[in-house]
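Structure first, commentary second.
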């Protein structure tokens, strides 16, 4: 069963992401939620999701650091990381690329585009 992890410290953003992606469950995708970066990394290591949507600015561990840790672990090479952030400067995008993120999406995001991105990364689209 494909898995997609959502990690964001803002409860309303987590809810919005969950609502945007919940119809993926009809295609057999399991959605996982975490409130911070450290919990997200633990869950990624334990559950090995196919895709991880990570907020950049989170407590305990930011999205860049989680992404770098995932990329440094050969057992997690298959995990596709999408960084979500309100920080859309080129330097921020470059940092996302430097730590190995597959995509860097800025908030506010278009729910339809986010859904299509998740479908494409999961091989469903």
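The values are calculated or read from the model by the stated rules, or taken from the named source; none is laboratory data. In this text the structure is predicted, and so the values were computed from the model without any measurement. Here the Cβ positions follow ideal geometry from the backbone for every residue, glycine too, while neighbour counts run over all protein chains shown.
Listed values, structure above:
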{"item": "The lone exception for residue 61 - which of (1) out of contact with any strand residue (DSSP E or B) (no Cβ under 6 Å at 6 or more places or on another chain); (2) under 23 Å from residue 18 (Cβ atoms); (3) in a helix (DSSP H, G or I) it fails", "result": "(3)"}
{"item": "Count of segment 81-92 residues which are surrounded by fewer than 18 Cβ atoms within 10 Å (Cβ to Cβ) and either touching a strand residue (DSSP E or B) at 6+ places or on another chain (Cβ under 8 Å) or closer than 18 Å to residue 45 by Cβ (or both)", "result": "4"}
{"item": "Residue check for residue 121: in contact with a helix residue (DSSP H, G or I) (Cβ under 6 Å, 6 or more places away or on another chain) and within 24 Å of residue 1 (Cα to Cα)", "result": "no"}
{"item": "Residue in segment 76-85 that is under 26 Å from residue 19 (Cα atoms) and at pLDDT below 95 present", "result": "yes"}
{"item": "Filtered residue count, segment 96-125, keeping only those that are in a helix (DSSP H, G or I) and in contact with a strand residue (DSSP E or B) (Cβ under 9 Å, 6 or more places away or on another chain)", "result": "8"}
{"item": "Members of segment 42-55 that are surrounded by fewer than 24 Cβ atoms within 10 Å (Cβ to Cβ), more than 20 Å from residue 116 (Cβ to Cβ) and either in contact with a helix residue (DSSP H, G or I) (Cβ under 8 Å, 6 or more places away or on another chain) or in contact (Cβ under 8 Å) with a residue 60 or more places away in the chain (or both)", "result": "45, 48"}
{"item": "Meets criteria (surrounded by fewer than 20 Cβ atoms within 10 Å (Cβ to Cβ), over 17 Å from residue 10 (Cβ atoms) and out of contact with any helix residue (DSSP H, G or I) (no Cβ under 6 Å at 6 or more places or on another chain)) for residue 97", "result": "yes"}
{"item": "Residue among 20, 15, 85 that is over 20 Å from residue 1 (Cα atoms) and either in contact with a helix residue (DSSP H, G or I) (Cβ under 7 Å, 6 or more places away or on another chain) or touching a residue at least 60 places away in the same chain (Cβ under 8 Å) (or both)", "result": "85"}
{"item": "Per-region count, segment 28-48, residues closer than 17 Å to residue 84 by Cα and in a loop (DSSP other than H, G, I, E, B)", "result": "2"}
